[in-house]
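Since the structure comes first, as structure tokens, the remarks are kept for the end.
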Amino acid sequence: MTDWQERYATATRDVYRATLLDIAKSDTRVFCVDTDMGGLEDGFEAELPDQYVNVGIAEANLMGVSAGLAAEGLLPFANTIASFAATRACEQVKVDIAGNALPVRIVGTHGGFSAGHYGPTHHAVEDVAIMRSLPNLTVLVPADAAETEYAVRALADTEQLPGPVYLRLGRKATPLVHRGPYTFRIGQADLLRPGRDVTLVASGPVPVAESVAAAELLAGRGIAARVLNLHTVKPLDAEAVLSAARETAGLVTVEDHLVTGGLGGAVAELTAAHHPCRVHRIGVPDGFHDQVGTETELLARAGVTAPAIAGAAEEVMRERN
Amino acid sequence: MEHATTEHAATERASSDSATAERTTAEQAQLMREQILQMGTGPDGTHVGGSLSSADLLTVLYQEVLRLRPEEPDWPDRDRFILSKGHASAALYAALSARGFLPAEELAEYGTSGSRLAGHPLRRLPGVEFPTGSLGHGLSLGVGTALALRRTGRSGRAYVLMGDGELQEGSVWEAAMSAAHLRLGGLTAIVDRNRLQITGDTEERMGLEPLAGKWRSFGWQVLTVDGHDLDALRAAFAALPGPTGQPVVIIADTVKGKGVPLFENKKKSHSVKLSPNLHRRALAGLRARSRRQS
């Protein structure tokens, strides 16, 4: 196991906590606003109590307090569960944070089905659609723990990111996408694999990993699939997506989110306006998913598996011919 | 104990706002009421009742309490005022105008297309810290602001004016709980207790009493004052704690529509578009009341 693999063989939320503490030690603007999540008090509060506040189990208050802190020049990281950030506290995010373009970093863990065993109250499969619709918000969905560290470090740069950000994290360790350091830029798609036949556009840990595996399957069948990791869902890397639309037979989007309004929705909107092409969206179907299961089980039911993605890619190619 | 320095506020005001310096605070409040009625003649009227009930306390705040620099709206050491009951925007605009943040002539643009003076305050208007209008947001914003002022060591205080009906929003109590727990003495909440919400008496619709007891049990120091008694308001604002003290809520007992007999204690005064005839009658009533009292 390489150092890289050892270092990042962990959950996105764990590497987030460690990185946040690290940047806060040298950047006194960083302020950790907790809603009693568990895990921030041991490290962050213990080491930097003056840069930490727990507002209690109160997500609306979390967002308003964070907006107030940001308006005064601090750099608040607002911590809650993805579903609570996007749905329970949606209006505070919209009016107080997004509407004012304040540099609040909203960090939602338990994204997608990463807390599948907790049931539908703790599933977040509409959060990206909601956050993407709000003004000024940048929406980030890191594909693994390493990418989470890149993203969190980027969030401290208020010159590059003067507005609010939604960072969507998972709960457990997920496969690593890269084997070592790579170039991470917010707003720029991460090209994981070149290919001229068809393109897989993915966001989120399991979707990206399954898309890479699908490309392997397709390679075995003589099909060169391009794989793009869209860690930034807003602003979408229009150039990378439209190039793929022009240069390959079509696109398959893969996400751990509803097929409406998230990555697939964003890609379909963009291509419909600028280069209409076949866009096959794989993700969670409409419905209240009243089910218990592991993240991979629930996503498999939604078709987020390498074989299903490969099958969709072949279908896109057949339709083109 | 650190006191809200009314003297300091007066000095800041005198240096920046000589045009209105000769008016007494009571005269400013009367002018504000006339301006609210005028704004109520705009295309879609205004929230007359709740603006008039806030008029005296907003006038005391803006004329005597808040440390502000109209020529430097982002002055780091200013006091922060958040109108959580954003529908009383007409009263706020009148207060900002009296303090020199915007020309009095601009009030005529209230609610017209392209105006900066919306039915609920826009942040791009100088002097507005946060856009408000959706109830239950302001106190959390005040908590964050007061926490940041304490953390950065700035001298300003945070004031949040809420309506009484607004206290039915659950988020208010999340914020109230946290302010007391964090001992944010630099935050002062003010409740415009006019006892009326759109469909009637707050106590008949969704009772708030015992209101002082509720705030006390949440860890706040409660000052109950007559919200139309300028001296009582002055005394309340002069007795505020320092940045780590117990936060204070001023429950200002007020009359919805105060000063205009047509509107006083009338639930229908909540949102009114004043026709020329109604405006004439309302203004005549306001002035007659004022003459009797002086």
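The values are calculated or read from the model by the stated rules, or taken from the named source; none is laboratory data. Model, not experiment: these values are computed from the prediction. All Cβ positions, even for glycine, are placed from backbone atoms using ideal geometry, and neighbour counts span all protein chains on display.
Just name the residue that is surrounded by the most Cβ atoms within 10 Å (Cβ to Cβ) out of those in segment B:193-220 that are closer than 19 Å to residue B:84 by Cβ and among the polar types (S, T, N, Q). Step by step, filter segment B:193-220, then rank; the result is B:194.
Evaluated against (1) under 25 Å from residue B:131 (Cα atoms); (2) in contact (Cβ under 8 Å) with a residue 24 or more places away in the chain; (3) in a loop (DSSP other than H, G, I, E, B), residue A:114 falls short on exactly one condition, (1). For residue B:220, the criteria (1) within 14 Å of chain A (Cβ to nearest Cβ); (2) free of Cβ contacts under 8 Å to residues at least 60 places away in the same chain hold in every case but one, which is (1).
Does residue A:293 count as more than 17 Å from residue A:229 (Cβ to Cβ), in contact (Cβ under 8 Å) with a residue 60 or more places away in the chain and crowded, with 20+ Cβ neighbours inside 10 Å? Spell out the reasoning first.
On the way: more than 17 Å from residue A:229 (Cβ to Cβ): yes; in contact (Cβ under 8 Å) with a residue 60 or more places away in the chain: yes; crowded, with 20+ Cβ neighbours inside 10 Å: no.
Taking the combined requirement at face value, the residue does not satisfy it.
Scanning segment A:51-68 for residues that are facing chain B (nearest Cβ under 7 Å) and touching a Lys or Arg at 6+ places or on another chain (Cβ under 8 Å) yields a single hit, A:60.
When segment B:131-147 is examined, which residues are found to be facing chain A (nearest Cβ under 7 Å) and crowded, with 24+ Cβ neighbours inside 10 Å?
To start, the set of residues in segment B:131-147 that are facing chain A (nearest Cβ under 7 Å) comprises B:131, B:134, B:137, B:140-145, B:147.
Correct list: B:137, B:140, B:141, B:142, B:143, B:144, B:145, B:147.
One line per residue, one yes/no per condition, for (1) polar (S, T, N, Q); (2) outside any helix (DSSP H, G or I); (3) in contact (Cβ under 8 Å) with a residue 60 or more places away in the chain:
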{"site": "A:244", "(1), (2), (3)": "no, no, no"}
{"site": "A:249", "(1), (2), (3)": "no, yes, yes"}
{"site": "A:257", "(1), (2), (3)": "no, yes, yes"}
{"site": "A:268", "(1), (2), (3)": "no, no, no"}
{"site": "A:277", "(1), (2), (3)": "no, yes, no"}
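Name the residues in segment B:135-169 that are touching a helix residue (DSSP H, G or I) at 6+ places or on another chain (Cβ under 6 Å) and part of a loop (DSSP other than H, G, I, E, B), would you? Residues satisfying the conditions are B:135, B:136, B:137, B:156, B:164. Residue count for segment B:88-116, restricted to those that are under 24 Å from residue B:197 (Cα atoms) and touching a residue at least 60 places away in the same chain (Cβ under 8 Å): 5. Here residue A:53 meets the list (1) touching a residue at least 24 places away in the same chain (Cβ under 8 Å); (2) in a strand (DSSP E or B) almost entirely, failing just condition (1).
Tallying residues that are farther than 17 Å from residue A:241 by Cβ and surrounded by fewer than 20 Cβ atoms within 10 Å (Cβ to Cβ) within segment A:188-219 yields 4. Being more than 17 Å from the chain's Cα centre (by Cα) and either at pLDDT below 95 or surrounded by 20 or more Cβ atoms within 10 Å (Cβ to Cβ) (or both) holds for only one residue in A:166, A:118, and it is A:118. Of all residues in segment B:139-171, those that are over 25 Å from residue A:50 (Cα atoms) and within 18 Å of the chain's Cα centre (by Cα) total 7. Within segment A:275-297, the presence of at least one residue that is aliphatic (A, V, I, L, M) and at pLDDT below 95 is confirmed. Selection over segment B:149-175 of residues that are more than 9 Å from chain A (Cβ to nearest Cβ) and of a type in the set (Gly, Ala, Ser) gives a count of 5. Hey, can you tell me all the residues within segment A:279-321 that are in a helix (DSSP H, G or I), under 21 Å from residue A:265 (Cα atoms) and in contact with a Phe, Trp or Tyr (Cβ under 8 Å, 6 or more places away or on another chain)? Hits for segment A:279-321 are A:298, A:299. Yes or no: residue A:108 more than 12 Å from chain B (Cβ to nearest Cβ), in contact (Cβ under 8 Å) with a residue 12 or more places away in the chain, among the small types (Gly, Ala, Ser) and out of contact with any Lys or Arg (no Cβ under 7 Å at 6 or more places or on another chain)? Here the answer is no, as residue A:108 does not meet what is asked.
The rows are residues; the columns are (1) touching a Gly at 6+ places or on another chain (Cβ under 9 Å); (2) within 24 Å of residue A:205 (Cβ to Cβ); (3) surrounded by 24 or more Cβ atoms within 10 Å (Cβ to Cβ).
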residue	(1), (2), (3)
A:7	no, yes, no
A:21	yes, yes, no
A:36	yes, no, no
A:44	no, yes, no
A:48	no, no, no
A:57	no, no, no
A:60	yes, no, yes
A:73	no, no, no
A:85	yes, yes, yes
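Within segment B:238-294, take every residue that is at pLDDT below 95, polar (S, T, N, Q) and more than 30 Å from residue B:222 (Cβ to Cβ) and give me the one that is surrounded by the fewest Cβ atoms within 10 Å (Cβ to Cβ). Result: B:294. Residue A:93 meets each of the listed conditions (1) more than 9 Å from chain B (Cβ to nearest Cβ); (2) assigned to a strand (DSSP E or B); (3) of a type in the set (A, V, I, L, M) apart from (2). Annotation: of all residues in segment B:176-206 being away from every other protein chain (no Cβ under 14 Å) and among the hydroxyl-bearing types (Ser, Thr, Tyr), the one that is farthest from residue B:52 (Cα to Cα) is B:188.
Residue-wise test of (1) crowded, with 24+ Cβ neighbours inside 10 Å; (2) assigned to a helix (DSSP H, G or I).
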residue	(1), (2)
A:129	no, yes
A:139	yes, no
A:143	yes, no
A:160	no, no
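When you check residue B:231 against the structure, is it of a type outside the set (A, V, I, L, M, F, W, C), within 30 Å of residue B:183 (Cα to Cα) and buried (at least 16 other Cβ atoms within 10 Å of the Cβ), yes or no? Answer is no for this residue.
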